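Participant: Let me begin by handing over the structure; questions about it come next.
The values are calculated or read from the model by the stated rules, or taken from the named source; none is laboratory data. Being a predicted model, the structure only gives us computed values, none of them experimental. Because the Cβ atoms are built from the backbone with ideal geometry, glycine has one as well, and the counts that use them run over all protein chains shown. We work out accessible area using only protein heavy atoms, side chains counted, and drop any ligands, DNA or RNA first. Shrake-Rupley method; radii C 1.70, N 1.55, O 1.52, S 1.80 Å.
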Amino acid sequence: MRNLKKIAIFFGGYSTEYEVSLQSAYAVIEGMDTTRYEPILIGIDRYTGAWFWYQGKNERIKEDSWQSEQSCISVFPSLDQKIHGLCYLEKDRLQTISLDAALPILHGKNGEDGTVQGVLKLMGVPVIGCGLLSSALCMDKELAHCIVRMNGIKTARSATIQEGYLEESVKKAALELGYPLFVKPVRSGSSFGITKVAKEQELFLAVEKAFEHDSTVLLEEMIEGFEVGCAILGKEELLLGAVDEIELSDGFFDYTEKYTLQTSKIHVPARISPEKAEEIKRAALTIYRVLGCSHFARVDLFLTPMGEIYFNEVNTIPGFTSHSRYPNMLKEAGLSFEEIIHRLLEMEG
C-alpha cells in the first residue's frame, strides 16, 4: 500500500473571520481525494490562537463544535527542519508528525497576512498558496496599491491616517478625495471595518470603526462602476477562471452581502464583452505576478462606465465553499471543485 501525502489543512484562526474559515475548510476537506492524501486537520482557537490536531468528524468543523478533549490534541510547530512538522505530548513523551505540505484555509489577520506562512517556512513545510511576502503585501491595501500602480494599472486615490491623527487634516483629505468615499482598515479582510461615507458628519465614526481592526486607516475615493473578479490557479503556468461580476442594488459588497447575497447577485461570466473580459484577465495576471502570488488567489477590480479598469484588492485565500466566487469562476472555465483541490494539492509548495 503506497504512502499517502500528509497535507495539513489549517482552519479556524485567531481572527474575526473564524466562521468563514470553518465553512471553506470543510468544503476543501470534503473535496480531497483520501486515496491520495491524508488530511491532517489543524484547528486554531479563535480566542487564544492555540493549535489543535483535530481527529473528529468533518461535519463538526462546519458546525463549530470541533473543539473537545476527545477529538483534539494540542500541537505546536517544530522548528527542526528534519522533522518539518508538528510536535505533541503523548504520555509525557514528545511525538512528532512530519508533513509533506500545508494548505492554510484561514481568512484575515493571523492567517492570510503572512504570519502562518512564516511559521510554516521556519518549520520547513511547503505552503500551498501565497508565501509570507506575497500574503503580507496583498493584505496591506496601501502597499499593494502602490506596487500595482507602479506597474501601470490604475488604483483609486487615497490617503492614510495614523492613530493620533488631527481632525482638520482628515477633513481636508476627505474633501480632496470627494464624497462619497470609503473608510477602510489598511490590513483587514471580508470587508470588516469598511464604511461608505456620504458626508462629513459620518466621517469620524467610520474612522474609529476602522481603527478597531487596524492601526492604520485608509480614506479611498469611490470608483463609479461595478466590481469584477478573476480567479487564478497555478505557479508558473497559470489557469484563469471566467471573469465574474457583482451586481449591487445598494451600498457596497460588505461582510453581510458577501456571505448572504441578500440584495446582490453574482454573475458568472460577467455581463461584459469578451474583449473587455480579456483585458481584465490581462490586468489580473499582471497583478498576480507583480505581487508575487502563487498557487491560487482571486484578483478583484472595478470596471467603470467608461470601460476603465481599477485594481481593488487580492484575496490570497478566497472563500472556498462550493458556492464561493473563486471555485465558481474556475467551474465556468471547466474545472470541478474536486479538480481544483486536486490540482492545488499536486502543486504542493
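Participant: Of all the accessible heavy-atom surface of segment 298-349, with the other protein chains kept in place and a 1.4 Å probe, what percent is carbon and sulfur?
Facilitator: Answer for segment 298-349: carbon and sulfur cover 46 percent of the accessible area.
Participant: Mind checking which lysines have their C-alpha under 20 Å from residue 154, skipping anything on the same chain fewer than 8 residues away?
Facilitator: Leaving aside lysines fewer than 8 places away in the same chain, those within reach of residue 154 are 141, 184, 276, 281.
Participant: Going from most exposed to least, what order do 54, 47 have by accessible area with a 1.4 Å probe?
Facilitator: From most exposed to least exposed: 47, 54.
Participant: Quick one: dipole size for the chain, taken about the Cα centre, charges +1 on Lys/Arg Cβ and -1 on Asp/Glu Cβ, in debye to the nearest 20.
Facilitator: 760
Participant: Another question, if that's okay. Once R0 is set to 41 Å, what does the formula 1/(1 + (r/R0)^6) return for the Cβ-Cβ distance between residue 82 and residue 290, expressed as a FRET efficiency to the nearest 0.05?
Facilitator: Plugging the Cβ-Cβ distance into 1/(1 + (r/R0)^6) gives 0.70.
Participant: Same structure, new question: FRET efficiency for residue 198 and residue 279, Cβ-Cβ distance as r, R0 = 25 Å, nearest 0.05?
Facilitator: With R0 = 25 Å, the Cβ-Cβ based efficiency is 0.20.
Participant: Over segment 130-189, calculate the relative contact order: mean separation of alpha carbon pairs under 8 Å at least 6 apart, over the residue count, as a percent.
Facilitator: Dividing the mean separation by the residue count of segment 130-189 yields 44 percent.
Participant: Where a Cα-Cα gap under 16 Å defines reach, which lysines qualify for residue 82, not counting those fewer than 8 residues away within the same chain?
Facilitator: Partners within reach: 6, 121.
Participant: Percent relative contact order of segment 1-152, based on C-alpha pairs within less than 8 angstrom and at least six residues apart?
Facilitator: Relative contact order of segment 1-152: 23 percent.
Participant: What does the accessible area of residue 53 come to, in Å² to the nearest 10, when a probe of 1.4 Å is used?
Facilitator: The accessible area of residue 53 comes to roughly 40 Å².
Participant: With the dipole of the chain worked out from charges on the C-beta (+1 for Lys and Arg, -1 for Asp and Glu) around the Cα centre, which of 162, 126, 240 lies farthest toward the positive end?
Facilitator: Working it through, the farthest residue towards the positive pole turns out to be 126.
Participant: Now a separate question. Using a 1.4 Å probe on the protein heavy atoms, what percent of the accessible area of segment 72-125 belongs to carbon and sulfur?
Facilitator: Working: 1360 of 2620 Å².
Carbon and sulfur: 52 percent of the exposed surface of segment 72-125.
Participant: Between residue 346 and residue 5, what length in nm is gained on full extension when 0.36 nm per residue of separation is reduced by their alpha carbon distance?
Facilitator: Stretched fully, the residue 346-residue 5 segment lengthens by 121.8 nm.
Participant: I would also like to ask the following. With every protein chain in place, what's the accessible area of residue 281 (1.4 Å probe, Å², nearest 10)?
Facilitator: Only protein atoms counted, so the area is about 50 Å².
Participant: Which ³J(HN,Hα) values, rounded to whole Hz and listed in residue order, are derived for segment 290-297 from phi using the Karplus coefficients 6.51, -1.76 and 1.60 in 6.51 cos²θ - 1.76 cosθ + 1.60 with θ = phi - 60°, glycine and proline given as x?
Facilitator: Along segment 290-297, the couplings run 5, 8, x, 5, 8, 6, 6, 5 Hz.
Participant: First measure r as the distance between the Cβ atoms of residue 69 and residue 215, then evaluate 1/(1 + (r/R0)^6) with R0 = 35 Å and state the FRET efficiency to the nearest 0.05.
Facilitator: It comes to 0.40.
Participant: In square angstrom, rounded to the nearest 10, how much accessible surface does residue 205 have for a 1.4 Å probe?
Facilitator: Surface open to solvent at residue 205 totals about 140 Å².
Participant: In sequence order, what are the phi-derived ³J(HN,Hα) couplings for segment 65-71 according to the Karplus relation 6.51 cos²θ - 1.76 cosθ + 1.60 with θ = phi - 60°, rounded to whole Hz, with x for glycine and proline?
Facilitator: Calculated HN-Hα couplings, in order: 10, 6, 7, 7, 4, 6, 9 Hz.
Participant: Ignoring everything except DSSP H segments at least 4 long, calculate the 222 nm mean residue ellipticity for the chain; use -39,500 (n - 2.57) per segment, divide by total residues, nearest 500.
Facilitator: Taken over the chain, the calculation gives -9000 deg cm²/dmol.
Participant: Order 330, 137, 143, most accessible first, counting only protein heavy atoms with a 1.4 angstrom probe.
Facilitator: 143, 137, 330
Participant: Please give the contour-minus-distance gain from residue 59 to residue 332: 0.36 nm per residue of separation, less the Cα-Cα distance, rounded to one decimal in nm.
Facilitator: Contour length minus the Cα-Cα distance gives 95.5 nm.
Participant: Right, here's the next one. Could you work out how far apart the two model spin labels at residue 121 and residue 47 are, taking each label as a point 7 Å from the Cα in the direction of the beta carbon, and quote it in nm?
Facilitator: Label at residue 121, label at residue 47, 3.3 nm between them.
Participant: Here's something else I'd like to know. Rounded to the nearest Å, what's the spacing between the alpha carbon centres of segment 111-147 and segment 165-213? Just the number, please.
Facilitator: Going from one Cα centre to the other spans 26 Å.
Participant: While we're looking at this one, here's another question. Relative contact order (percent) for the chain, with alpha-carbon contacts under 8 angstrom and 6 or more residues of separation?
Facilitator: Averaging sequence separation for qualifying contacts and normalising by length gives 17 percent for the chain.
Participant: Moving on to the next point. Measuring from centroid to centroid over Cα atoms, what is the spacing of segment 282-326 and segment 6-38 in Å?
Facilitator: Comparing the Cα centres of segment 282-326 and segment 6-38, I get a distance of 22 Å.
Participant: Averaged per residue, what accessible surface does the chain expose to a 1.4 Å probe, in Å²?
Facilitator: Accessible surface, normalised per residue, equals 46 Å².
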